[in-house]
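A quick write-up on the structure given underneath.
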Amino acid sequence: MSDQQHPEWVIDPETPSVARMYDYYLGGKDNFAADRAAADQVVAAMPNVLEFTRANRRLLSRAVTMLAGRGVRQFLDIGSGLPTQENVHEVAQRAAPDSRVIYVDNDPIVLVHARALLADNPLTTVVQADLLDPQGILDHPEVKARFDFTQPVAVLLLAILHFVPDEARPAEIVATLREPLSPGSHLVISHGHAGAVTQEVETRVRSAYGRTGARDIIPRDYAEVSAFFAGTELIGSGLVQVEDWRPDGEPVDPARLDLSRPGFLGGVGRVL
């Protein structure tokens, strides 16, 4: 994407975008100078951000493949970000061609890209909605028309909840999304945690995101991320660093985790 020829749907290329920064971490080209500058500030403060961001995509692929293999055919990806390789619909429909996928985002750039990508895929769509209004997502006409909540649904919240401030009650948001899910449904969550970084490093990272529309990124500790899985049973490796999650892994005792490393914690919870 050229910095000189911005598509008309780009609202403000001078303001960094969370989605475009993430695209940059993944090696994509759908980003502008402002995004790269903000992302480079994060990389300078926390060099392993490229490693754990890309590991987060691998967790997505492993989890979706596992769930499709277990019979899940409905995938709700909230805060999906810009399309890149190994999107949810690609992974799910490769494993089970009848899988239905709904992407949810409130970023106009994401919506335009995704709608163009999915124009010829009748089992996959994208809707504009906001995670801060979870009931609005569940009540969206496309969601209600395409999904049968009496059957298993996988709700994916990957690298998105850390943009929800405490005052917006992120645990209540997750609980609202979990409430209509039938047994056999799953929550797939990854979330940033600061590990043992210094206050200076955390401040530098958060100030970079402070220039985006999200206005901040809020790291949370293991106990706080674990609480999002209330009402579910963790499967696979449990809640671990995203680099280490495996669908067939043995559950890892939290006491054995190296939580000094900053990164993303991730896991998959089966709704009871």
- Going by the structure shown, is Arg246 surrounded by fewer than 17 Cβ atoms within 10 Å (Cβ to Cβ) and over 30 Å from Ala37 (Cβ atoms)? yes
- Message: Here is a check on your reading of the model: is Pro170 surrounded by 22 or more Cβ atoms within 10 Å (Cβ to Cβ), free of Cβ contacts under 8 Å to residues at least 60 places away in the same chain and not polar (S, T, N, Q)?
- Response: yes
- Message: Can you say whether Gly231 is crowded, with 20+ Cβ neighbours inside 10 Å and on the phi > 0 side of the Ramachandran plot, as far as the supplied structure shows?
- Response: no
- Message: Please list, ordered by residue number, the strands (runs of 3 or more DSSP E) wholly in region 61-170 having 1 or more residues that are farther than 22 Å from Tyr209 by Cα and polar (S, T, N, Q).
- Response: 74-78, 124-128
- Query: In region 197-211, what count of residues is obtained for those that are over 17 Å from the mean Cα position of the chain (by Cα) and either of a type outside the set (D, E, K, R) or loosely packed, with under 14 Cβ neighbours inside 10 Å (or both)?
  - Reply: 10
- Quick one: how many residues across region 35-54 are surrounded by 20 or more Cβ atoms within 10 Å (Cβ to Cβ), part of a helix (DSSP H, G or I) and out of contact with any Lys or Arg (no Cβ under 7 Å at 6 or more places or on another chain)? 5
- Can you confirm whether region 27-34 contains a residue that is in a helix (DSSP H, G or I), touching a helix residue (DSSP H, G or I) at 6+ places or on another chain (Cβ under 8 Å) and modelled with pLDDT of 95 or more? no
- Query: Out of all the residues in region 172-196, which are more than 19 Å from the chain's Cα centre (by Cα) and over 24 Å from Ala19 (Cα atoms)?
  - Reply: Glu179, Pro180, Ser182, Pro183, Gly184, Ala196
- Item | Tally of residues being closer than 11 Å to Val153 by Cα, in a loop (DSSP other than H, G, I, E, B) and not hydrophobic (A, V, I, L, M, F, W, C) across region 179-199 | 5
- What pairs come up if the first residue lies in region 224-247 and is farther than 11 Å from Ile189 by Cα, the second is among the hydroxyl-bearing types (Ser, Thr, Tyr) and surrounded by 19 or more Cβ atoms within 10 Å (Cβ to Cβ), and their beta carbons are under 6 Å apart, counting only those six or more places apart or on different chains? Trp245/Ser237; Arg246/Ser237
- Which number in (1) under 23 Å from Pro262 (Cα atoms); (2) in contact with a His (Cβ under 8 Å, 6 or more places away or on another chain); (3) not in a helix (DSSP H, G or I) marks the one condition that Thr212 misses? (2)
- Task: Answer yes or no: is there a residue in region 112-124 that is touching a residue at least 40 places away in the same chain (Cβ under 8 Å) and of a type outside the set (A, V, I, L, M).
- Result: yes
- (1) surrounded by fewer than 16 Cβ atoms within 10 Å (Cβ to Cβ); (2) within 23 Å of Asp258 (Cβ to Cβ); (3) touching a residue at least 40 places away in the same chain (Cβ under 8 Å) all hold for Ile218 apart from (1)
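The values are calculated or read from the model by the stated rules, or taken from the named source; none is laboratory data. This is a predicted model, so every value here is computed, not measured. We place every Cβ from the backbone using ideal geometry, glycine too, and count neighbours over all the protein chains shown.
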